[in-house]
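Chemist: Okay, here's the structure, questions in a sec.
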Amino acid sequence: MTDKKLKLVVSTGAGISAESGISTFRDADGLWENYDVMEVASHDGFERNPALIHEFYNARRAALATVEPNNAHILLKKLEEFFDVYVITQNVDDLHERAGSSKVLHLHGELLKMRAMDDENLVFQVTPQTVTTPQTRIDGHLVRPHIVFFQEAVPNIEPAMELVEQADVFVIVGTSLAVYPAAGLLHYVRSGIPVYYIDPRPSAVPRGVTVIRKNATEGMEELYRILLKNMAGK
Ligand code: OAD
């Protein structure tokens, strides 16, 4: 008989991909790759200037071809050997998937997907090389980036909350905890379970959260050692 693995739920933000060379949002005064975040990541911004939004996400998508998962992504995959690992990410890159993580839930969409303007459930896989404009059609549909802009609902928040409620261990990596509802996931953990937060400049967190004030790669190495020592196989 095999022991049932503990459920490790990990919530990641831009900081986990920083060491892969993808810039975070709030480490540069609200600028993201030299653009105002609200211009390129809000519903209003999209309505005002869809051509700019397409251009911006074309560039972000193309940049995926120049980056690789780092050791923090890889250690999360390795933890699947010992834990039932679920990754909930605010990131729109595909670095968790490329590191091999098997269960990844994207809260804010994915760069490698476009969706129909006239049917939000019609989602198309694209490649880093795909270039789109507001006139681009896929299967006859005008498309937009499959990104959850500010002012839009976050459809995956419900399954994310359910996962967090079931967690035996909860880990937060590289997020400023500034954007809701993602930032509120922490409040769904069952009381008494271990919670870790890896970030070199962590936000204020409730008592009982163990803060590992380190970059994602170093912090994940430390967490990996702690988890294996304390919990695996329990
Ligand atoms: P932020 O840019 O707000 O926060 C990044 C966090 O990563 C900060 O707390 C940094 O201290 C931390 N950080 C920086 N370098 C790091 C490293 N090497 N290792 C670990 N942590 C590091 O990014 P998010 O919290 O992910 O939404 O932002 C949330 C959302 O705001 C994004 O998903 C995006 C944005 O608007 C959309 O695009 C819809």
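No lab work stands behind these numbers, since they all come straight from the coordinates. Please read all numbers here as calculations on a predicted model, not as lab measurements. Backbone-built Cβ (ideal geometry, glycine too); neighbour counts: all protein chains shown.
Chemist: Compactness ratio of the stretch 12-124: Cα Rg over 2.2 N^0.38 Å, N = residue count?
Modeler: In units of the 2.2 N^0.38 Å rule of thumb, it is 1.14.
Chemist: Can you put His43, His106 in order of Cβ neighbours within 10 angstrom, beginning with the fewest?
Modeler: His43, His106
Chemist: Can you pull out the trypsin sites (Lys or Arg not before Pro) in the stretch 52-137 that DSSP calls coil and that have at most 14 other Cβ atoms within 10 Å?
Modeler: Hits after loop and neighbour filter: Lys103.
Chemist: Any idea how far the Cα center of the stretch 105-172 sits from the one of the stretch 69-89, in Å?
Modeler: Computed from Cα coordinates, the inter-centre distance equals 21 Å.
Chemist: If you don't mind, there's one more thing I want to ask. What percent antiparallel are the DSSP beta bridges of the chain, to the nearest 5?
Modeler: Restricted to the chain, the bridges split so that about 35 percent are antiparallel.
Chemist: As an exercise, find the ratio Rg/Rh for the chain from alpha-carbon atoms, using the Kirkwood inverse-distance average for Rh. Can you show the working numbers first?
Modeler: Values: Rg = 18.0 Å, Rh = 18.4 Å.
The Rg/Rh ratio comes out at 0.98.
Chemist: What fraction of the DSSP beta bridges in the stretch 1-122 is antiparallel, stated in percent and rounded to the nearest 5?
Modeler: Of all bridge pairs located within the stretch 1-122, approximately 25 percent are antiparallel.
Chemist: Taking the stretch 58-120, how much of its Cα-Cα pair set, in percent, is spaced more than 13 angstrom apart? Could you put the intermediate results ahead of the total?
Modeler: Numbers: 1273 of 1953 pairs.
Cα-Cα pairs of the stretch 58-120 separated by over 13 Å account for 65 percent.
Chemist: Compute, for the stretch 64-191, the length of the dipole vector about the Cα centre, with Cβ point charges of +1 (Lys, Arg) and -1 (Asp, Glu) only. Units Debye, rounded to 20.
Modeler: Taking the Cα centre of the stretch 64-191 as origin, the dipole is about 280 debye.
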